[in-house]
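Written out below as structure tokens is the structure these notes cover.
The values are calculated or read from the model by the stated rules, or taken from the named source; none is laboratory data. Source: prediction; values computed, not measured. We place every Cβ from the backbone using ideal geometry, glycine too, and count neighbours over all the protein chains shown.
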Amino acid sequence: MPQAHKKPPSVFITGASSGLGAALARHYGRQGAVLGLCGRRADALRQVAGGLNAHCFVADVRDAGAMQAAAAEFIAQAGVPDIVIGCAGISVGALTAEAADLPVFQAVLDANVMGLVHTFHPFIAPMRAANKGVLCGIASVAGVRGLPGGGAYSASKAAARAYLEALRLELKSAGIAVVTVSPGYIETPMTHVNPYPMPFRMRADAAAAAVARLIAKRRPERIIPWQMAIVAALLRCLPRALYDRLFEHAPRKPRGLPT
């Protein structure tokens with residue numbers, strides 16, 4: 001008896017106009033998935049969506065109303081998605097001592113933490129009613145320990161990991177999986193400005209494939225690649241005094257207002 005073909009998933013992705021989000025769109029698009037691609041740049045979204053079965057939504061994850069409208073429109077057009085991936089984020093250096101960096105802290109925390117909340121909130125009730133679905137949040141290995149010059153980013157990713165863990169427990173009985181993926185360095189426009197070595201750097205397409213595998217397996221939490229998971233485990237174990245000595249003068253991400 002011939003084996004039934006598995007229906008391609010429907011996937012809603014934020015941060016889809018570049019980097020990992022765009023790579024995820026192409027990865028799922030090759031499977032024939034129905035895509036909801038959300039980002040702030042209409043031209044870039046259209047370029048990513050070319051040749052794919054995609055609906056594009058120009059919205060900022062920091063805007064709760066815009067995300068609710070995008071989610072409602074996608075559900076009306078394509079039904080309740082099987083997978084929602086919160087991939088949008090801001091990575092930029094910031095210093096608490098600098099008054100000019102205070103709005104940078106706000107922007108990073110709003111995008112990287114509240115952006116996940118705004119992304120997932122509109123889909124939870126429909127997914128709960130369908131008793132299915134996966135919510136995947138992209139955190140970062142930078143959330144394992146605080147990095148000098150990257151206080152905003154490290155804090156936002158540590159908060160994202162804790163938020164996603166809480167959400168996973170809240171939704172477990174509803175049949176909705178919550179997957180936390182914390183990448184190391186990925187070759188994207190976000191990392192091209194980093195003025196320091198980036199060990200175990202992944203290509204965006206390889207990282208997207210790894211994220212998709214974790215989603216398919218509904219893994220609660222993983223750091224990718226596996227080499228960076230070992231580094232993160234070692235960093236967690238470092239005594240505070242030794243960590244301070246090793247990282248106090250570590251190279252720092254350039255400061256600047258996020259675009």
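One line per residue, one yes/no per condition, for (1) buried (at least 21 other Cβ atoms within 10 Å of the Cβ); (2) farther than 23 Å from residue 176 by Cα; (3) among the aliphatic types (A, V, I, L, M):
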site: 73; (1), (2), (3): no, no, no
site: 97; (1), (2), (3): no, yes, yes
site: 102; (1), (2), (3): no, yes, yes
site: 108; (1), (2), (3): yes, yes, yes
site: 115; (1), (2), (3): yes, no, no
site: 118; (1), (2), (3): yes, no, no
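For segment 121-138, state whether one or more residues are surrounded by 24 or more Cβ atoms within 10 Å (Cβ to Cβ), touching a His at 6+ places or on another chain (Cβ under 8 Å) and not β-branched (Val, Ile, Thr). No. Only one entry of 97, 71, 88 meets the criterion of being among the hydrophobic types (A, V, I, L, M, F, W, C), in a loop (DSSP other than H, G, I, E, B) and touching a helix residue (DSSP H, G or I) at 6+ places or on another chain (Cβ under 9 Å), and that entry is 88. Among the residues that make up segment 89-107, is at least one of them within 17 Å of the chain's Cα centre (by Cα), over 22 Å from residue 215 (Cβ atoms) and modelled with pLDDT of 95 or more? The answer is yes, given that some residue of segment 89-107 is within 17 Å of the chain's Cα centre (by Cα), over 22 Å from residue 215 (Cβ atoms) and modelled with pLDDT of 95 or more.
In segment 29-48, is there at least one residue being crowded, with 21+ Cβ neighbours inside 10 Å, assigned to a loop (DSSP other than H, G, I, E, B), touching a helix residue (DSSP H, G or I) at 6+ places or on another chain (Cβ under 9 Å) and in contact (Cβ under 8 Å) with a residue 40 or more places away in the chain? So far as segment 29-48 goes, no, none of its residues is crowded, with 21+ Cβ neighbours inside 10 Å, assigned to a loop (DSSP other than H, G, I, E, B), touching a helix residue (DSSP H, G or I) at 6+ places or on another chain (Cβ under 9 Å) and in contact (Cβ under 8 Å) with a residue 40 or more places away in the chain. Figure legend. Inter-residue proximity from segment 225-236: first residues surrounded by 14 or more Cβ atoms within 10 Å (Cβ to Cβ) and modelled with pLDDT under 95, second residues in a helix (DSSP H, G or I) and among the hydroxyl-bearing types (Ser, Thr, Tyr), beta-carbon distance below 9 Å, spacing 6+ or different chains. Indicated pairs: 235/243.
One residue stands out among those in segment 145-157 that are within 17 Å of residue 89 (Cα to Cα) and either within 13 Å of the chain's Cα centre (by Cα) or touching a residue at least 40 places away in the same chain (Cβ under 8 Å) (or both): the one that is surrounded by the most Cβ atoms within 10 Å (Cβ to Cβ), which is 156. Within segment 23-36, not a single residue is out of contact with any Pro (no Cβ under 8 Å at 6 or more places or on another chain) and farther than 25 Å from residue 7 by Cβ. When you check residue 105 against the structure, is it under 23 Å from residue 188 (Cα atoms) and among the aromatic types (Phe, Trp, Tyr), yes or no? Answer is yes for this residue.
Looking at this structure, is residue 176 under 15 Å from residue 223 (Cα atoms) and among the aliphatic types (A, V, I, L, M)? Break it down into steps so the answer makes sense when it comes.
Values: under 15 Å from residue 223 (Cα atoms): no; among the aliphatic types (A, V, I, L, M): yes.
Considered against the rule, which asks whether it is under 15 Å from residue 223 (Cα atoms) and among the aliphatic types (A, V, I, L, M), residue 176 comes out as no.
Of the residues making up segment 49-68, those that are surrounded by 14 or more Cβ atoms within 10 Å (Cβ to Cβ) and in a helix (DSSP H, G or I) are 49, 64, 66, 67, 68. Residue pairs whose Cβ atoms lie under 8 Å apart, sitting 6 or more positions apart in sequence or on different chains, and linking a residue in segment 98-124 that is within 16 Å of residue 254 (Cβ to Cβ) to a partner that is in a helix (DSSP H, G or I) and hydroxyl-bearing (Ser, Thr, Tyr), are 108/153; 108/156.
Residue 148 meets each of the listed conditions (1) of a type outside the set (Asp, Glu); (2) in contact with a His (Cβ under 9 Å, 6 or more places away or on another chain); (3) under 23 Å from residue 82 (Cα atoms) apart from (3).
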